[in-house]
Amino acid sequence: MAAASTITDQLANLTISECPNLHKNISILSPQHAELAKVLIEMEQSHLFGEWPEPGIDDDQKIAFFDQVSRLDASYPGGLAQYIKNARELLTDSKAGKNPFDGFTPSVPTGENLTFADESFIKYEETGLKEAKNAAFVLVAGGLGERLGYNGIKVALPSETTTGTCFLQLYIEYILALQEASCSLAEGEPRKEIPFAIMTSDDTHTRTLTLLESNGYFGMKPTQVTLLKQEKVACLADNDARLAVDPQNKYRIQTKPHGHGDVHSLLYSSGLLSKWHGAGVKWVLFFQDTNGLLFKAIPASLGVSATKQYQVNSLAVPRKAKEAIGGIAKLTHNDGRAMVINVEYNQLDPLLRATINPDGDVNCETGFSPFPGNINQLILELESYIEELKKTGGGIKEFVNPKYKDATKTSFKSSTRLECMMQDYPQTLPPTARVGFTVMDIWLAYAPVKNNPEDAAKVPKGNPYHSATSGEMAIYRAHSLILKKVGVQVADPVMQVFNGQEVEVWPRIVWKPKWALTYSDVKRKISGSCSVSQKSTMVIKGRNVFIEGLALDGALLVDSIDEAEVKVEGSVQNSGWILENVDYKDETLPEEIRIRGFKINKVEQLEGNFVEPGKYSLKP
């Protein structure tokens, strides 16, 4: 930093004619603030000071303004000047209608298509389980649940209401189960703790920390968890990238979220990646906030990364042509550049029409598009990830999406900002990078909770609701289908309507991750001729619970400490737990119940709680 007197002199020269109101206030600025003021003037942002009064009036607010500018400058790779430069380029391209994929030809990239429970899938699961101890997990925690009709943070929402396990608890229990299983397979090696980072925001940081602390971090050591708070970015008022003044406060720049792509710069600037690398971490797994099935896909997809040595592995599901989910594609430029990235569905179809297929995005012989659907879960090889971020500082290719007032594109309806997406990381990689994908069955891997009841009810018939209702039912379906794969006779679902959404209702089967992480785990713990009726509920919370010749027609709950071994057998028949419709507008009910459209009436159950070490048998 230049000497304080030099900075002040330079600022004085700049402000006398260009920004007289700031010139009057030079005396109240610290050297650091003076340098930031100089940057703003040089970047043609003098309008920010247009209404500033004489010194002695609102001085505290003027200093607070520069404190905010300092935060905005520090939290963006290259600082505020780089943000404004990037904004001008992107706004110029937007006004000109420039196609970001001009000159690129799409093709289907190399990847692995897995079928649950076949030989290849089982092999990859085994490999991934061994590799899990060398992984770190990153939750891009999203925001508040207002869009869902829920006032808390989304990760506090129950993933399902049979046990009431919230999403954050579910994810931590999976990570701990992976840690235990993976370390157990590595005999003779020192045990490792799998690190877990959570990206938060101003809206979610305190609530996330409170949720963790009030629940003892759900069994994880606090030292394993790191919260990284994301800062917002400055809003842009016009095509010249003039920063927008907050309409409520002339001493504040209006800000908005930059997008989940910030996770890369946060991990890099915090030093966390280097710390993990030093601790022997090889893989970083990124996931988002409300997909109750995502960890079902982790062992096999991590096995794919380890086997094929992918530097980037995007988890994907089959997608129908033109379905409203991004497609993973290899894009090759006329100049030879190539990248494997997510292409949004509304960009993929016109790109295909303009290049290789006049019909655009169409289904192939499998009944699905050849371009798999991106579900925003990434597995990155840590070493190459760090090397790439050294070049970019964690900056991700951005985009801007201004809403123009009219066809002249000269003014905005409201301020805009630059945005970035986590999954766009591969755009900066060289063509030699080993980038692939792993496709999983949708029923196993993907059931996000994104829509409130009213929006979900408007979804065209046959399309996924992506609501709290469908997300919960998807968990029961996945567990039912897994049991069917190991030979259990599971009754077919019935169709019911909750909150205007027609869904399949399978038996309400839930197990804790420590009971079974893989297909092989489930198969090993179930034997004999077993059956589960459609009205049944089954909850397994113990690690060493074995089911043998069970005929279940009702509700069964088994909870045991790790040192207890429990055999469940025989015919269990009772009135069970019944789903009852509720009106989501009924404000006497908790929000987490209202947004599902049903509550559980726990009429009758067989329950076994085993709190002492030993071998036990649970029979009706």
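Values quoted throughout were computed directly from the atomic coordinates according to the rules given, and no laboratory measurement underlies them. Just so we're clear, the structure is a prediction, and the values are computed from it rather than from any experiment. Neighbour counts are summed over all protein chains in view; Cβ atoms, including those assigned to glycine, are modelled from backbone coordinates with ideal geometry.
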Report task. Please tell me the relative contact order of region 179-302 in percent, rounded to the nearest whole number, where contacts are Cα pairs under 8 Å and at least six residues apart. Result -> 17 percent
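Where does region 446-545 land on Rg/Rh, using Cα atoms and the Kirkwood Rh? Don't skip to the end; give the middle numbers.
On the way: Rg = 14.9 Å, Rh = 14.6 Å.
Reported Rg/Rh, Kirkwood definition of Rh: 1.02.
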Query raised in the report: With a sphere of radius 12 Å drawn around the Cβ of PHE368, what net charge do the other residues whose Cβ falls strictly inside it have (Lys, Arg +1; Asp, Glu -1)?
Result: -1
Query raised in the report: PRE reach from ASP60 (point 7 Å along Cα→Cβ): which of region 17-35 fall under 16 Å by backbone N?
Result: none
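Volume per residue, Å³, of the convex hull around the alpha-carbon atoms of the chain?
Per residue, the Cα convex hull of the chain comes to 184 Å³.
What's the exposure ranking of GLU604, GLU126, going from fewest to most Cβ atoms within 10 Å?
On the way: GLU604 12, GLU126 16.
Listed from fewest to most nearby Cβ atoms, that is GLU604, GLU126.
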Query raised in the report: Which shape class, rounded, prolate or oblate, goes with region 193-304 when its Cα gyration tensor gives a ≥ b ≥ c as root eigenvalues, a/c under 1.5 marks rounded, and past that a/b bigger than b/c marks prolate?
Result: prolate
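With a sphere of radius 9 Å drawn around the Cβ of LYS413, what net charge do the other residues whose Cβ falls strictly inside it have (Lys, Arg +1; Asp, Glu -1)? List each step's numbers first, then the result.
On the way: positive: LYS403, LYS405; negative: none.
Summing Lys and Arg as +1 and Asp and Glu as -1 gives +2.
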**Report entry** For q = 0.12, 0.16, 0.22 Å⁻¹, Debye-computed log10 I/I(0) when each Cα of region 17-148 counts as one equal scatterer
**Finding:** -0.79, -0.99, -1.24
**Report entry** 23 Å Cα-Cα threshold exceeded, pairs from LYS450/LYS585; LYS221/LYS256; LYS192/LYS450; LYS320/LYS514; LYS192/LYS512
**Finding:** LYS221/LYS256; LYS192/LYS450; LYS320/LYS514
Report task. Kindly list the residues of region 297-315 that lie in the label zone of GLU126, defined by a backbone N under 17 Å from the point 7 Å along the Cα-to-C-beta vector. Result -> 299-308
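Would you compute, from DSSP H runs of 4+ residues alone, the mean residue ellipticity of the chain at 222 nm, taking -39500 (n - 2.57) per run and dividing by the full residue count, rounded to the nearest 500? If you can, show how the numbers build up before the last one.
Values: 18 runs with 194 residues, N = 620.
Result for the chain, helices only: -9500 deg cm²/dmol.
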Report summary line: From the Cα centre of region 102-147 to that of region 374-425, the distance in Å is 21 Å
Report summary line: per DSSP, antiparallel bridges as share of beta bridges in the chain, % nearest 5, sits at 45 percent
Requested in this report: Can you tell me the relative contact order of region 93-445? Whole percent, Cα pairs under 8 Å, sequence separation 6 or more.
Outcome: 26 percent
**Report entry** Neighbourhood net charge (14 Å Cβ-Cβ; Lys/Arg +1, Asp/Glu -1) for THR392
**Finding:** -2
Query raised in the report: Under 5 Å between amide H atoms, partner at least 5 residues away or on a different chain: which partners does LEU556 have, H built in plane at 1.01 Å?
Result: THR537, MET538, VAL539, LEU606
Query raised in the report: Name the GluC sites (Glu not before Pro) in region 165-244 that are in a loop by DSSP and that have at most 14 other C-beta atoms within 10 Å, would you?
Result: GLU187
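What FRET efficiency do you get for ASN113 and LYS320 if R0 is 22 Å and r is their Cβ-Cβ distance, rounded to the nearest 0.05? Let's see the in-between values first.
Details: r = 16 Å, r/R0 = 0.71.
Efficiency for this residue pair is about 0.90.
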**Report entry** Where only alpha carbons of region 371-465 are counted, the Rg and the Dmax (Å)
**Finding:** 18.6, 48
Query raised in the report: Going by a ≥ b ≥ c, the root eigenvalues of the Cα gyration tensor, does region 93-445 fall in the rounded group (a/c under 1.5), the prolate group (a/b larger than b/c) or the oblate group?
Result: oblate
Query raised in the report: So which aspartates and glutamates can LYS308 reach, going by Cα to Cα under 12 Å and dropping same-chain residues fewer than 8 places off?
Result: GLU112, GLU381
Requested in this report: Do me a favour and compute the ellipsoid semi-axes for region 37-84 from its Cα gyration tensor, root of five times each eigenvalue, largest one first, whole Å.
Outcome: 22, 13, 6
